[in-house]
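Student: Quick one: the structure is below, and I'll ask about it shortly.
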């Protein structure tokens, strides 16, 4: 059986199960659960160390508590491996200090057959941007199945093709599911400059115009280190009938746990139909 062990427990988040559980509970308790203007399709979440981005991520994950979601599709960027298309971990389990998360093998094997999606084990082994979402999912959903996808491209047409292949597999899915889009925003700018850059990203995101958003990111008018997951996830959401992006929370590391000379931006948002 394929087994993916945690690699950033003890650095990005606590390795002690009791402390990790308590920390996530505190983040969720402090986050306001905002009323959405429609049915949830996808969430945008950051992926930094919990002390930095946990207070923001909780605003998105709070939407999943009591939601009845049984299937979590996580789209995350690749920080280490370089490849085209997307990599699915097709079966087995992902481990965290809170226990095992089963991968949905039926969906995993179907995605593995798609032209733009393959199993590239190295893409997953040391990638933190997907791993850090799992304890939040375990605490808000309890028992659920996972579809873990690492997106290796930022090219808009390729992202749209991956989204189309994901839609073809999930279109007749009877279980309630949600897509989790993993991204941080601008990196290492002074506080005010980061707010300005991230403000541009947020305005483009709220406009829900994928071409305009992709152009903004490509020109570095705005920044997102999860550009591929963002473009893929939003393309998928549109295919599923989503019509609006609702911002739940924005902050940067200067607001949470760091200095203000070089900050990283974090966003929580919901995509609804």
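The values are calculated or read from the model by the stated rules, or taken from the named source; none is laboratory data. From a predicted model like this one, the values you see are computed outputs, not experimental measurements. Virtual Cβ from ideal backbone geometry, glycine too; neighbours counted across all protein chains shown.
Student: Filter the stretch 117-135 for residues that are out of contact with any strand residue (DSSP E or B) (no Cβ under 7 Å at 6 or more places or on another chain) and crowded, with 24+ Cβ neighbours inside 10 Å and give the result.
Tutor: Listed by number, the list holds a single entry, 131.
Conditions tested, residue by residue: (1) over 26 Å from residue 225 (Cα atoms); (2) not in a loop (DSSP other than H, G, I, E, B).
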residue	(1), (2)
57	no, yes
63	no, yes
69	yes, no
79	no, no
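Student: If I ask for residues that are at pLDDT 95 or above and either closer than 30 Å to residue 242 by Cα or surrounded by 20 or more Cβ atoms within 10 Å (Cβ to Cβ) (or both), which ones from the stretch 7-33 would you list?
Tutor: Of everything in the stretch 7-33, those that are at pLDDT 95 or above and either closer than 30 Å to residue 242 by Cα or surrounded by 20 or more Cβ atoms within 10 Å (Cβ to Cβ) (or both) turn out to be 9, 12, 13, 20, 24, 25, 27, 28, 29, 30, 31.
Student: Here's something else I'd like to know. Would you be able to say whether some residue in the stretch 73-80 is surrounded by fewer than 22 Cβ atoms within 10 Å (Cβ to Cβ) and either out of contact with any strand residue (DSSP E or B) (no Cβ under 6 Å at 6 or more places or on another chain) or farther than 18 Å from residue 142 by Cα (or both)?
Tutor: So far as the stretch 73-80 goes, yes, one or more of its residues are surrounded by fewer than 22 Cβ atoms within 10 Å (Cβ to Cβ) and either out of contact with any strand residue (DSSP E or B) (no Cβ under 6 Å at 6 or more places or on another chain) or farther than 18 Å from residue 142 by Cα (or both).
Student: Residues of the stretch 255-273 being assigned to a strand (DSSP E or B) and over 15 Å from the mean Cα position of the chain (by Cα), which ones?
Tutor: Of everything in the stretch 255-273, those that are assigned to a strand (DSSP E or B) and over 15 Å from the mean Cα position of the chain (by Cα) turn out to be 263, 264, 272.
Student: Please verify whether the stretch 173-194 includes one or more residues that are under 29 Å from residue 81 (Cα atoms) and part of a helix (DSSP H, G or I).
Tutor: yes
Student: Sticking with this structure for a sec: Step by step: first the residues of the stretch 239-254, then only those that are assigned to a helix (DSSP H, G or I) and in contact with a strand residue (DSSP E or B) (Cβ under 9 Å, 6 or more places away or on another chain), then the one that is surrounded by the most Cβ atoms within 10 Å (Cβ to Cβ). Which residue is that?
Tutor: 253
Student: Identify the single condition in (1) over 28 Å from residue 21 (Cα atoms); (2) buried (at least 22 other Cβ atoms within 10 Å of the Cβ); (3) out of contact with any helix residue (DSSP H, G or I) (no Cβ under 8 Å at 6 or more places or on another chain) that residue 159 does not satisfy, given that it satisfies every other one.
Tutor: Of the numbered conditions (1) over 28 Å from residue 21 (Cα atoms); (2) buried (at least 22 other Cβ atoms within 10 Å of the Cβ); (3) out of contact with any helix residue (DSSP H, G or I) (no Cβ under 8 Å at 6 or more places or on another chain), the odd one out for residue 159 is (3).
Student: Among (1) closer than 14 Å to residue 184 by Cα; (2) free of Cβ contacts under 8 Å to residues at least 60 places away in the same chain; (3) assigned to a helix (DSSP H, G or I), which single condition is residue 230 missing?
Tutor: (2)
Student: Would you please name the residue that is surrounded by the fewest Cβ atoms within 10 Å (Cβ to Cβ), looking only at residues in the stretch 136-156 that are within 21 Å of residue 210 (Cβ to Cβ) and out of contact with any strand residue (DSSP E or B) (no Cβ under 8 Å at 6 or more places or on another chain)?
Tutor: 155
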